[in-house]
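Quick note: the coordinates plus some simple rules give every number you see, no bench work behind them. Quick caveat: nothing in here was measured; it's all calculated off a predicted structure. Ideal geometry is used to build each Cβ from the backbone, glycine not excepted, and the neighbour counts take in all protein chains shown.
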Amino acid sequence: MRIGVLGTGNMADALATHWARAGHEVTIGGRDAHKAERLATRIGDGAKPAGLRTAAEFGQVVLAALPFGAGAGVARELHTALDGKVLLDCSNPVGPGFRLLTERGPSAAQQLAAAAPGAHVVKAFNLCHEDVWRMRPPVFDGRPLAVPVCGDDQAALTRVHELVRDVGCEPVAGGGLERAGLLEATAALFIGLWVGEGADAQAIAPPLAYAAGPRHEGTSLHHRGEPR
Ligand SMILES: NC(=O)c1ccc[n+]([C@@H]2O[C@H](COP(=O)([O-])OP(=O)(O)OC[C@H]3O[C@@H](n4cnc5c(N)ncnc54)[C@H](OP(=O)(O)O)[C@@H]3O)[C@@H](O)[C@H]2O)c1
C-alpha cells in the first residue's frame with residue numbers, strides 16, 4: 001500500500017523502515033526538507049522524501065509520527081489531503097510526572113479525528129518504546145508482541161492490522177476510537193511504572209487462563225462475563 005509519514009523523528013524511522021522492507025511504497029513528509037531527505041535515504045527500499053502535504057496526499061495510510069501537541073494542528077492544516085485516508089495515530093499525550101495531558105477531555109486520537117473529520121483515525125503503536133518497534137521482529141520469549149488497535153472503520157482497521165503484522169507483531173482488536181483514550185492512559189501508566197518505579201509492567205496482568213480468577217482457569221471470559 002502507499003504510506004505517507006508525517007514527521008521525520010524516531011517513530012517515523014522505526015515504523016516506516018519495517019513497512020518499506022515489507023514492500024510498501026513510503027513517502028516521508030517533514031517540515032524540514034533535509035530531515036525528510038536524510039530519513040528517506042536511511043530507510044532506502046524506494047522511500048521518498050517530501051513535504052507534509054505531499055506525504056498526506058500520497059498515503060492511503062498516513063502515519064502521524066508527531067508530538068501530541070502538534071498532531072491536531074498539522075491534521076487540521078492537511079485535512080483536505082486526509083479525506084478518506086487512514087490516519088494512524090501513535091502519539092502519547094503524557095506530560096511531566098507521567099500525567100495524562102488529555103484528562104477529562106477528548107483523547108489525542110479523538111482530537112485528530114476532530115481536526116481531520118474526513119479521515120479514518122486508528123490508534124496503535126503507542127505502548128512501546130521506539131527501540132522495541134525497531135526490533136526485527138519484536139518477539140519476547142518466543143511470543144510476538146501483541147499490539148492493540150482502536151478505530152471505527154473496518155477497512156481502516158484491516159489495513160492497520162496488516163501493518164502491525166508487517167512489523168512482526170500480532171494485532172489485537174481494542175475496540176472503537178472512543179477506547180483510544182484507554183490506550184493513551186495505559187501508556188501513561190506503563191511509562192510511570194517503567195521509568196518512575198522500575199517496575200515490570202508486563203507482570204501486572206495474569207495469563208488469560210486466570211483472567212476470571214484461578215477457580216475459572218480455562219473458562220473463557222466471553223462465557224463468564226467480565227472480571228469484577
Ligand atoms: N519515541 C518513542 O519511543 C515513542 C513510542 C511510542 C509513541 N511515541 C509517540 O510518537 C510520536 C512521535 O514521537 P517521536 O519519538 O518520533 O518524536 P520525535 O523524534 O521528536 O519526532 C517528532 C517529529 O515531529 C515533527 N514536528 C514537531 N512539531 C511539528 C509541527 N508543529 N509541525 C510539523 N512537524 C512537527 C518533528 O519535526 P522537527 O524535527 O522539524 O522538529 C519531528 O520530525 C509522539 O506523539 C510520541 O508520544 C513515541
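Just a few scattered comments:
- Only helices enter this figure: runs of n ≥ 4 DSSP H residues, each worth -39500 (n - 2.57), summed and divided by the residues of the chain, yield -10500 deg cm²/dmol at 222 nm to the nearest 500.
- Quotient of the Cα radius of gyration of the chain and 2.2 N^0.38 Å, N being its number of residues: 1.03.
- A cut-off under 10 angstrom between Cβ atoms defines the neighbours of VAL147, and their net charge, with Lys, Arg +1 and Asp, Glu -1, is 0.
- The relative contact order of the stretch 113-215, computed from alpha carbon pairs under 8 Å that lie at least 6 residues apart in sequence, is 25 percent.
- Across the chain, Cα pairs under 8 Å and at least six residues apart give a relative contact order of 16 percent.
- Nitroxide proxy distance, nm - points 7 Å out along Cα→Cβ at VAL132 and ILE204: 1.2 nm
- At the listed q of 0.13, 0.15, 0.17, 0.20 Å⁻¹, the Debye profile of the stretch 74-180, built from one uniform point per Cα, gives log10 I(q)/I(0) equal to -0.50, -0.66, -0.83, -1.07.
- Residues GLU178 and PHE140, FRET efficiency given R0 of 30 Å [Cβ-Cβ distance, rounded to 0.05]: 0.50
- Between the Cα long axis of helix 10-21 and the first principal axis of the chain there is an angle of about 80°, rounded to the nearest 10.
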